[in-house]
Every structure is written in C-alpha cells, then in structure tokens.
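> A single structure is presented below for examination.
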Amino acid sequence: MLVSIAGLIPPLALFVVLSPGLSTALGQGGPALLRFLRQVLTNGLPVVFVINYVSLFLYALSINEMRGRDLIVFAATDVVARLALFFGLHTLVYVLSADWYDSFGGDRLIAISVVAPTLARSAYFENVSGVYFYATFVSAMPLYVTAIRQSNVLRKAVEPLPFVVGPFFLAAAIFVATAFLITILAEAILRIQG
C-alpha cells in the first residue's frame with residue numbers, strides 16, 4: 001500500500017497542475033474536492049494497489065526462478081496482467097460506483113460503456129485514469145530491469161548502452177509501450193461497441 005501511495009502522489013500532483021482549472025477547483029474545497037478524493041480513493045488506489053501487488057509478486061517469483069527459465073517470461077506475464085487488470089478493475093469499479101454512488105445515472109451498462117473511451121485517452125495523461133496507470137511504474141521497474149539484465153534475449157538489446165542506463169531505458173520503454181497498448185485495446189473495444 002505504501003508503494004502504491006508513493007507511486008500515486010507524483011503523477012496525481014502533476015495531473016492536477018497540468019489540468020486547467022482543476023487546482024483552483026480543488027483548492028476551493030467543497031463537493032469538487034470531495035468527489036475527486038472519492039474517485040482517487042475508490043478507483044485509483046485500489047487499481048494501483050492490485051497492479052502493484054501482482055507486479056511485485058511476479059518480481060519475487062522471478063528472483064526465485066533466476067536459474068530456471070528466461071526472466072522475459074515474467075516481464076511478458078506482467079504486461080499481460082497489467083493490461084487485463086487495468087481494464088478489469090476499472091470496469092468493476094465503474095459498475096460498483098454506479099451501484100453505490102449513483103454514478104453514471106446508476107446505470108451499470110453506461111458505466112461499462114465508458115470504460116473504453118476513458119482508457120483510450122489514459123496513456124496520453126488526459127484523464128485521471130492515466131495517473132493510475134503511471135502510478136504503477138514503481139512496481140514495473142524492478143521486474144523489468146531484472147528481467148532485462150538476466151534475459152539472454154533482452155540483454156543483447158542493451159549491450160551497446162552503459163550497463164546501468166541500458167536496462168532502465170529499455171524497462172521504461174516497455175512500460176510506455178504497455179501504456180500505448182491500453183490505448184490500442186481501448187480503441188479496438190470502441191470500434192466493437194460502436
């Protein structure tokens with residue numbers, strides 16, 4: 001939970017600063033601040049916590065398997081799990097919000113129908129869902145960097161770069177690519193829905 005909170009604060013602060021009028025509205029307190037905090041606590045923190053937990057669990061498994069299989073398997077598993085959890089948890093939270101808070105007019109189908117359009121813009125940091133995804137960066141890095149350093153396949157990709165910088169650069173690139181995979185999947189879902 002502490003890793004999730006620490007990972008959530010910087011992108012959330014950046015989002016508030018970069019969103020026109022948001023810092024002013026939140027600074028005035030009242031209903032806007034309460035709704036924003038509720039959204040972060042009931043949607044953001046649970047999504048970030050679960051994704052971080054799974055990623056750090058995979059990291060722990062990868063440490064135990066270093067002598068076995070190529071660690072690229074764990075990094076690939078993390079990417080797939082990250083995508084599935086990001087979509088699945090948002091869907092669950094939106095449906096529960098429709099029930100508990102009468103969000104989306106209390107309509108579960110509307111709640112489900114807005115998941116894809118919301119997540120389609122999250123990689124670009126255009127909505128608070130992007131904050132939640134980028135908050136999971138802290139759990140991705142240990143697994144990805146370790147996998148890159150230990151993997152026969154990925155190690156060759158970073159050999160031309162300095163040992164310290166190369167794995168971190170490629171790990172960040174994998175994370176950003178995952179963010180854009182969310183956009184691609186969300187847009188595909190939108191086409192299917194439309």
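> Just to check your reading of the model, which residue among Ser23, Ser4 is open to solvent by less than 50 Å² (accessible area, probe 1.4 Å), at pLDDT 90 or above and of a type in the set (Gly, Ala, Ser)?
Ser4 is the lone residue from the list that is open to solvent by less than 50 Å² (accessible area, probe 1.4 Å), at pLDDT 90 or above and of a type in the set (Gly, Ala, Ser).
> Where in region 1-68 are the helices (runs of 4 or more DSSP H), entirely inside, with at least 2 residues that are closer than 25 Å to Leu85 by Cα and touching a helix residue (DSSP H, G or I) at 6+ places or on another chain (Cβ under 9 Å)?
On the way: elements: 2-18, 22-27, 30-39, 45-64.
Correct list: 2-18, 30-39, 45-64.
> A further question on this structure: Does region 101-128 hold any residues that are free of Cβ contacts under 8 Å to residues at least 24 places away in the same chain and outside any helix (DSSP H, G or I), and which are they? Lay out the reasoning, then the answer.
Of region 101-128, the ones free of Cβ contacts under 8 Å to residues at least 24 places away in the same chain are 102-112, 114, 126-127.
Selection gives Asp102, Asp107, Val114, Glu126, Asn127.
> Name every residue in region 146-163 that is in a loop (DSSP other than H, G, I, E, B) and under 11 Å from Ser62 (Cβ atoms), in order of residue number.
Quick first cut of region 146-163, residues in a loop (DSSP other than H, G, I, E, B) only: 151, 159-163.
Scanning region 146-163 gives a single hit, Ser151.
> Have a look at Val80, Val115, Val95, Val131 and point out the one that is farther than 21 Å from Phe15 by Cα and buried (at least 16 other Cβ atoms within 10 Å of the Cβ).
Working: Val80 fails: buried (at least 16 other Cβ atoms within 10 Å of the Cβ); Val115 fails: farther than 21 Å from Phe15 by Cα; Val131 fails: farther than 21 Å from Phe15 by Cα.
When all the criteria are applied, what remains is Val95.
> Consider region 146-169. How many of its residues are open to solvent by 30 Å² or more (accessible area, probe 1.4 Å), without any contact (Cβ under 8 Å) to a residue 40 or more places away in the chain and not acidic (Asp, Glu)?
12
> Looking at Pro142, is it assigned to a helix (DSSP H, G or I), within 23 Å of Leu56 (Cβ to Cβ), in contact with a helix residue (DSSP H, G or I) (Cβ under 9 Å, 6 or more places away or on another chain) and at pLDDT 90 or above?
Numbers: assigned to a helix (DSSP H, G or I): yes; within 23 Å of Leu56 (Cβ to Cβ): yes; in contact with a helix residue (DSSP H, G or I) (Cβ under 9 Å, 6 or more places away or on another chain): yes; at pLDDT 90 or above: yes.
For Pro142, the condition - assigned to a helix (DSSP H, G or I), within 23 Å of Leu56 (Cβ to Cβ), in contact with a helix residue (DSSP H, G or I) (Cβ under 9 Å, 6 or more places away or on another chain) and at pLDDT 90 or above - is met.
> How many residues are without any contact (Cβ under 8 Å) to a residue 40 or more places away in the chain and either surrounded by 16 or more Cβ atoms within 10 Å (Cβ to Cβ) or in contact with a Gly (Cβ under 7 Å, 6 or more places away or on another chain) (or both) when one looks only at region 170-194?
The total comes to 3.
The values are calculated or read from the model by the stated rules, or taken from the named source; none is laboratory data. Values in this document were obtained by computation on a predicted structure and should not be read as measured data. Note: ideal-geometry Cβ built from the backbone for every residue, glycine included; neighbour counts use all protein chains shown. Remember, those area values only see protein heavy atoms, side chains included, never the ligands or the DNA or RNA. Shrake-Rupley method; radii C 1.70, N 1.55, O 1.52, S 1.80 Å.
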